[in-house]
1. Mind checking the angle between helix 176-185 and the chain's longest principal axis? C-alpha axes, 0 to 90 degrees, to the nearest 10.
2. Just need the relative contact order of the chain here, percent rounded to a whole number, with Cα pairs under 8 Å and 6+ apart.
3. How tilted is helix 12-32 with respect to the longest principal axis of the chain? Cα atoms for both, answer in degrees (0 to 90, nearest 10).
4. By how many degrees, 0 to 90 and rounded to 10, does the Cα axis of helix 275-293 deviate from the longest principal axis of the chain?
5. Which three numbers, in whole Å and largest first, are the semi-axes of the equivalent ellipsoid of region 4-43 derived from its Cα gyration tensor as √(5λ)?
6. On each of the three principal axes of the Cα atoms of region 29-173, give max minus min coordinate, whole Å, ordered largest first.
7. Please compute the Cα-Cα pair-distance distribution of the chain with 5 Å bins starting at 0, giving whole percents from short to long.
8. What does the helix-only formula give at 222 nm for the chain: each DSSP H stretch with n ≥ 4 adding -39500 (n - 2.57), the total divided by the residues, and the result rounded to the nearest 500 deg cm²/dmol?
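The values are calculated or read from the model by the stated rules, or taken from the named source; none is laboratory data. Keep in mind that what you see is a predicted model, and the values were worked out from it rather than measured. Every residue, glycine among them, receives a Cβ derived from its backbone with ideal geometry; neighbour counts consider all protein chains shown. With ligands, DNA and RNA removed, areas are computed over all heavy atoms of the protein, side chains included. Shrake-Rupley method; radii C 1.70, N 1.55, O 1.52, S 1.80 Å.
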Amino acid sequence: MTEPTPYTLIDGRKVSSDIKLELAAKVAERKKLGKKIPHLAIILVGDDGASQTYVDHKVKACKEVGFHYTMMRFADTISEDKLMKHIDHVNNDEDVDGFIVQLPLPPHISVENITEKIRSDKDVDGFTNHNFGSIISKNPLLMPATPFGVMELLRRYNIETEGKNCVVVGASRLVGAPLSMMLVEQGRATVTICHKYTKDLAAITRQADILMVGVGKPGLITADMVKDGAVVIDIGTTRVEGPQFKNGFSLKGDVEFKEVAAKTSYITPVPGGVGPMTIASLLMNTMRAAENLNP
Ligand code: GUN
């Protein structure tokens, strides 16, 4: 009996760290040429613990690459109208090249209203309808950050997508939907999108040369749902709480890692796979926005 070929673990931390070094070099070059240093502003509403952690990571990443940054905090009682006015202010602040509004927002504030208020050329999360639509343009603007990170991982690991059967599980506005379009437009792949109404999910995922999952359901994808030799990208990040975990919680992907990994050619772990790439994409988008606004 022949032994199965060992899989390659896709190391998002390493790729993210490589990207940060490249960006730091670009910042140094801009400094030398007397050009503006990229400036990211982060708006955080309320005191959700997970959001605070994500934002801390974003600030740390800005420091690592030498970007300027501004943190703007507001109480979760702020009205939508008031938050809109602050966004207008940042939209018009010439010193800020890009900014994000950390999600989730309190229930009385409409995410769509807020997102659409952000100037698309400063929308470094790539959340606006304009940037979503620009995926299918010849000159894409600022790419939705998580899908951009996934595409970058594939590119840096030389994983071919042209003509491949890609199955994306999850059709969310921020991940599954834009990722599917990128795979078609930039990756020239044949793409199937699955969601909660899909019948016989396993029959479809078993067809995938490249399987990407981002629904937030730990353990959804088991070994019987994966074709031998497939590439598996796990975009799920669910905080599972328990006293046995350091910090009181553990981050879980959507894939049963151990049993699935043995069947794959490449797989991303959680944590340390796609997660660090979201921040790397945010930084790449901020550099792009700065280069466009202040060449
Ligand atoms: N909340 C969880 N992930 C993200 C993200 O990538 N951007 C923003 N703005 N909020 C988030």
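1. 80 degrees
2. Numbers: 555 pairs, mean separation 64.6, N = 295.
Relative contact order, the chain: 22 percent.
3. The angle comes out near 30 degrees.
4. For 275-293 against the chain, the angle is about 40 degrees.
5. Working: eigenvalues 222, 40, 4 Å².
Gyration-tensor ellipsoid for region 4-43: 33, 14, 4 Å.
6. 49, 44, 30
7. 1, 5, 11, 15, 18, 16, 14, 10, 6, 3, 1, 0, 0, 0
8. Details: 10 runs with 114 residues, N = 295.
Helix contribution divided over all residues of the chain: -12000 deg cm²/dmol.
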